[in-house]
Amino acid sequence: MPGLDPNSVIWIVAAVATAGIIFRPWRVPEYVWALTAAVLLTGLDFIPWHSALGAIAQGIDVYLFLIGMMVLAELARQEGLFDWLAMYAAQHAKGSGQRLFDLVFLVGTLVTVFLSNDATAVVLTPAVYAAAKAAKAKPLPYLFVCAFIANAASFVLPISNPANLVVFGSHMPPLSTWLWHFTLPSIAAISLTYVALRLSQRKYLGQPLETVITLQPLSSGARLTAFGILLTAVVLLLASAFDLPLGLPTFCAGITTASLIHLRQRMNPMPVLKGVSWSVLPLVGGLFVLVQGLTQTGAIDSLAQHLATVAERSSEQATWGAGMLVAVASNLINNLPMGLIAGSVGHIAQLPTHVTSALLIGVDLGPNLSITGSLATLLWLIAVRREGEHVGPMDFLKVGIVVMPPALIGALAALSVSGS
């Protein structure tokens, strides 16, 4: 449009959309802000249509992955798998809030590592809520575990976070190289997250829980759903081992599991489809378009060249600076688009492996500071709201400011040690 600087308009619209996503004024859903900003910039020709469509197409693998996971989660909820798992966990907690916390943290770590952080947010959160209610405990301290471990354990394996695939793209290192770089940082991040969460929630965990809990038999539909989830984990591991995209296998696993169960029980699949949080798809698509707009401003090229200059002078300084900067930025614009930016920076500047690894740690772990920092946390927030709990930005920040900085510093320090 004449008289307007396109770069300034893109930055202003992106900033307004980001603020809307974080604070949800007038309780307008997050996806409305992202989608409106994308449509506005494209409709006014600040972002060409072909560029916007290309940006949306970049997320196809992510969309398929999310659909598969959300279908599995909704199927598990409706078949009663979550309720059974909740009773099982509450029973084995034996009246101890600390033991229940440890169980949730352990399971959350395993689900994140082998099924992804989005699976932890979508699949585990409803089960943890049900477990807390069955044990007559305050749910939020245990729900926080799902949110924070989803990001803290998300770089143990390439499949632990879809953002890992976005950052490395076609330059994904072999699994042995991945483990060499990220095993120590992952141990540091997970351990420090556990300690910080236990300390921050200690006044709630000391309260006694219900001890008389009856465990009902698991239904056939729930057993089939559990099998489908386990099969999905195996499929994801195989896809990762053969360096294949994860979206289509996850989508097929979720749809196949749901189809088999509904055919066997002769049930209408519409309740499951209606229960899926479809709004997350336009949210992700809108964020991809906004990143495309920021790319047009030239900011990413400038950032890449600056980071390359710093890396030439001091690899250690570049590692810490990249990790810290990306961690903060992920909380401002969400880590999925930040992963796209970080990946572009890494490819443009041909950065050392340790600097690229620090970028990924910032993308994965940094979002533990804000409630909208990662896609997994947004999915967690949707699941929490669905159960009737309210968590505002400041509620999350009060815990995040205690949990995230030590874990990030520990992970970056471990990364430096692994490369020395």
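No value in this document is a laboratory result; all are computed from the given coordinates. Worth saying up front: this structure is predicted, and the values here are computed from it rather than measured. No Cβ is skipped: glycine too gets one built from the backbone with ideal geometry, and neighbour counts run over all protein chains shown.
Observations, loosely collected:
- Angle between the chain longest axis and helix 97-115 axis [Cα atoms, degrees, rounded to 10]: 50 degrees
- Sorted ascending by nearby beta carbons within 10 Å, beginning with the fewest, Thr232, Thr297, Thr120 become Thr297, Thr232, Thr120.
- The relative contact order of region 36-133 comes to 32 percent, based on Cα pairs under 8 Å that sit 6 or more residues apart.
- Mean residue ellipticity (222 nm) of the chain, computed from DSSP H runs ≥ 4 via -39,500 (n - 2.57), nearest 500: -25000 deg cm²/dmol
- What the phi angles of region 30-47 give under the Karplus curve with 6.51, -1.76 and 1.60, with θ = phi - 60°, is a coupling list of 4, 5, 5, 5, 5, 5, 4, 5, 5, 5, 4, 5, 6, x, 8, 6, 6, 10 Hz, glycine and proline written as x.
- Backbone phi angles across region 128-138, fed through the Karplus curve with coefficients 6.51, -1.76 and 1.60 (θ = phi - 60°), yield HN-Hα couplings of 5, 4, 5, 5, 5, 5, 5, 8, 6, 10, 5 Hz in residue order; Gly and Pro are listed as x.
- Spatial offset of region 140-188 relative to region 221-273 amounts to 22 Å, using the alpha carbon center of each.
- Fewest-first ranking of Met324, Met70, Met270, using other Cβ atoms within 10 Å as the exposure measure: Met270, Met324, Met70
- Its relative contact order, with pairs defined as Cα atoms under 8 Å and 6+ residues apart, puts region 296-381 at 37 percent.
- Of Ala121, Ala304, Ala73, the residue with the greatest mean-square motion in the GNM of the chain, using alpha carbon springs below 10 Å, is Ala304.
- Selected from Phe101, Phe168, Phe227 as most flexible by GNM, with the chain as the system and alpha-carbon contacts under 10 Å: Phe227
- Leading residue at positive end of dipole, the chain (Cβ point charges), from Thr295, Ile12, Val234: Val234
- Extension gain (nm, one decimal) between Trp11 and Leu53, 0.36 nm per residue minus Cα-Cα: 13.2 nm
- Backbone N under 19 Å from the Gln98 label point (7 Å along Cα→Cβ), restricted to region 130-161: 137-138, 141-143, 145
- Gaussian network model of the chain, springs between alpha carbon atoms under 10 Å - residue of Ser176, Ser370, Ser219 with greatest fluctuation: Ser176
- Rounded to the nearest whole Hz, the Karplus-based 3J(HN,Hα) values (6.51 cos²θ - 1.76 cosθ + 1.60, θ = phi - 60°) of region 328-344 follow the sequence 5, 5, 4, 6, 8, 10, 6, 6, 5, x, 5, x, 4, 5, 4, x, 5, with x at glycine and proline.
- Helix 139-152 axis, angle to the chain major axis (alpha carbon atoms, nearest 10°): 40 degrees
- Against the chain, whose longest principal axis is taken from its Cα atoms, helix 6-23 shows a tilt of about 20°.
- The chain: relative contact order as a whole-number percent, Cα under 8 Å and 6+ apart: 25 percent
- Least to most buried among Ile361, Ile67 (fewest other Cβ within 10 Å first): Ile67, Ile361
- Ignoring lysines fewer than eight residues from Lys133 along the same chain, the ones with Cα atoms less than 21 angstrom from its Cα are Lys94, Lys203.
- Here's how it looks for Ser96: its modeled amide H is under 5 Å from those of Leu209, which are all 5 or more places away or on a different chain.
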